[in-house]
Amino acid sequence: MTSLLVIIVLVLLAVALWQLTKIFDLTQVGSSSDDSQVASDNDNNIQGYILFGFLAFIYIFTIYGLLKWGNLALHTPASEHGGLVDSLMNITWVLIFTVQVITQGLLYWFSFKYKGNKDKKALFFADSNKLEAIWSIIPSVVLACLILYGLYAWNNIMFVDKDEDVIEIELYAQQFKWTARYAGQDNVLGKANVRLIEGINTLGVDMSDPNSQDDIVVSELHIPKGKKVHFKMRSQDVLHSAYMPHFRAQMNCVPGMVTEFAFVPTYTTAEYRELPFMVEKVANINKLRAEKSAELVAKGGTALDPYTFDYLLLCNKICGASHYNMQMKVVVDTPEDYKKWLSEKTTLAQDIKAAKAAEKPAEGAAPTTDTTAKVKDTVKAVVDTVKAAVAKVAMK
């Protein structure tokens, strides 16, 4: 009912405005006005200055944005190939800003210089081979160089030699979490298929494959500094995207296929936390969180925990309602700490064996309290049934 009333009010307002415009038109009858709807020289001058004002707004806002939010961009890369990605990005940004400044300036300048004037007549010409060559060849050459450099960077990043000593890790995506599977001692991942998902085998690992026997499944990703890590990625349900911004790494996870990415970490988590820019950034974040905590506590809420930097694996595809929360902590260890951490983990085969053993009651074990209670209830029910039957017979 409320929506209907709102619609009626809006319709009535529209009718009232329409009537007001008609009244205004009637008041102008007989007055001297220019109804030709052709812009005068004065109109063209005004429009020209407005164009320059808008050009100034574009330039000023661009500079303001760089000064205000420029520090929010990703800083030092934490992988060997990260510098190559950053150089490609920086070259692209420089080209975009240079072309934007030049083209926008020329566009608005020519619009102002050759604005309409009753004493001038526009020059018409059908075509200009010189102009066509300039604005076709120059962009083509620049884009070709940019694309070739991009292909060079991409091939360097994606190439993994078959004989290269790498660590094999699978990243498994599902709504809305990540799971990692390590290849174990043999450094070969066992086969897997979503049709084999059962119980704690949530990744569908084929346990009949000998290479699966030493695979390790974890919910927190650890990788060693200075060692190339080869990621193989799968998705259980929808399209996800494995995104590790500080390592300049991103690859789609597509249901039904395996995608790959590899990189070499160059900073441990502890080392990256100590970089000057990160120390400053964390201090600024905690300052904001402290101010927010004060507000929350004043309202009877709970204070926010202090922020500590950690590498993260994020999903960079909108995969559903909890997409924003699909992340996994990534820890870069020293090679020694990494080996120690991995040695403390049990294999998936051991986990499955332990789960099956827990399902079977121990032979010869004393009945539990729940079992005893169930037996008593059953005996009582049988006794009550017998008593009822005897009572019926006695009555007859």
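The values are calculated or read from the model by the stated rules, or taken from the named source; none is laboratory data. Since the structure is predicted, the reported quantities are computational estimates derived from the model, not experimental observations. Virtual Cβ from ideal backbone geometry, glycine too; neighbours counted across all protein chains shown. What goes into the accessible areas is simple: the full protein's heavy atoms, side chains included, and nothing from ligands, DNA or RNA. Shrake-Rupley method; radii C 1.70, N 1.55, O 1.52, S 1.80 Å.
Just a few scattered comments:
- Residue, nearest to residue 107 (Cα to Cα), within segment 54-78, restricted to residues that are loosely packed, with under 11 Cβ neighbours inside 10 Å and among the small types (Gly, Ala, Ser): 65
- Pair list, Cβ under 9 Å, 6 or more apart: segment 332-358 residue free of Cβ contacts under 8 Å to residues at least 24 places away in the same chain and outside any loop (DSSP other than H, G, I, E, B), other residue hydroxyl-bearing (Ser, Thr, Tyr) and open to solvent by 40 Å² or more (accessible area, probe 1.4 Å): 354/346
- Test for residue 243: is it within 18 Å of the chain's Cα centre (by Cα) and closer than 29 Å to residue 161 by Cα: yes
- Unique residue being of a type in the set (Val, Ile, Thr), at pLDDT below 90 and either within 19 Å of residue 172 (Cβ to Cβ) or surrounded by 11 or more Cβ atoms within 10 Å (Cβ to Cβ) (or both) when the list is 372, 378: 372
- Subset of segment 78-124 [touching a strand residue (DSSP E or B) at 6+ places or on another chain (Cβ under 8 Å) and polar (S, T, N, Q)]: 79
- When residue 44 is tested against (1) closer than 30 Å to residue 158 by Cβ; (2) touching a residue at least 12 places away in the same chain (Cβ under 8 Å); (3) assigned to a helix (DSSP H, G or I), just one condition goes unmet, and that condition is (1).
- Within segment 231-282, strands (runs of 3 or more DSSP E) holding 3 or more residues that are over 20 Å from residue 310 (Cβ atoms): 249-253, 259-263
- Residue within segment 141-148 that is open to solvent by less than 70 Å² (accessible area, probe 1.4 Å) and over 30 Å from residue 86 (Cβ atoms) present: no
- Of all residues in segment 290-322, those that are in a loop (DSSP other than H, G, I, E, B) and of a type in the set (Phe, Trp, Tyr) total 2.
- Of all residues in segment 55-109, exactly one satisfies the criterion of being of a type in the set (Asp, Glu) and part of a helix (DSSP H, G or I), namely 86.
- Segment 110-133 - residue that is modelled with pLDDT under 90 and hydrophobic (A, V, I, L, M, F, W, C) and, of those, nearest to residue 88 (Cα to Cα): 131
- Taking first residues from segment 259-270 that are more than 23 Å from residue 154 (Cβ to Cβ) and partners that are part of a strand (DSSP E or B) and β-branched (Val, Ile, Thr), the Cβ contacts under 6 Å between residues at least 6 apart in sequence or on separate chains come to 268/332; 269/331; 269/332.
- Which listed residue, of 288, 342, 314, 275, is surrounded by 15 or more Cβ atoms within 10 Å (Cβ to Cβ), farther than 21 Å from residue 79 by Cα and modelled with pLDDT of 90 or more: 342
- Enumeration of residues in segment 81-136 that are open to solvent by less than 90 Å² (accessible area, probe 1.4 Å) and aromatic (Phe, Trp, Tyr): 97, 108, 112
- Hits in segment 317-339 - residues which are under 20 Å from residue 238 (Cβ atoms) and surrounded by fewer than 15 Cβ atoms within 10 Å (Cβ to Cβ): 318, 320, 321, 322, 324, 325
- Here the condition is being touching a residue at least 40 places away in the same chain (Cβ under 8 Å) and either touching a Phe, Trp or Tyr at 6+ places or on another chain (Cβ under 6 Å) or surrounded by fewer than 18 Cβ atoms within 10 Å (Cβ to Cβ) (or both); of 218, 205, it holds for 218 alone.
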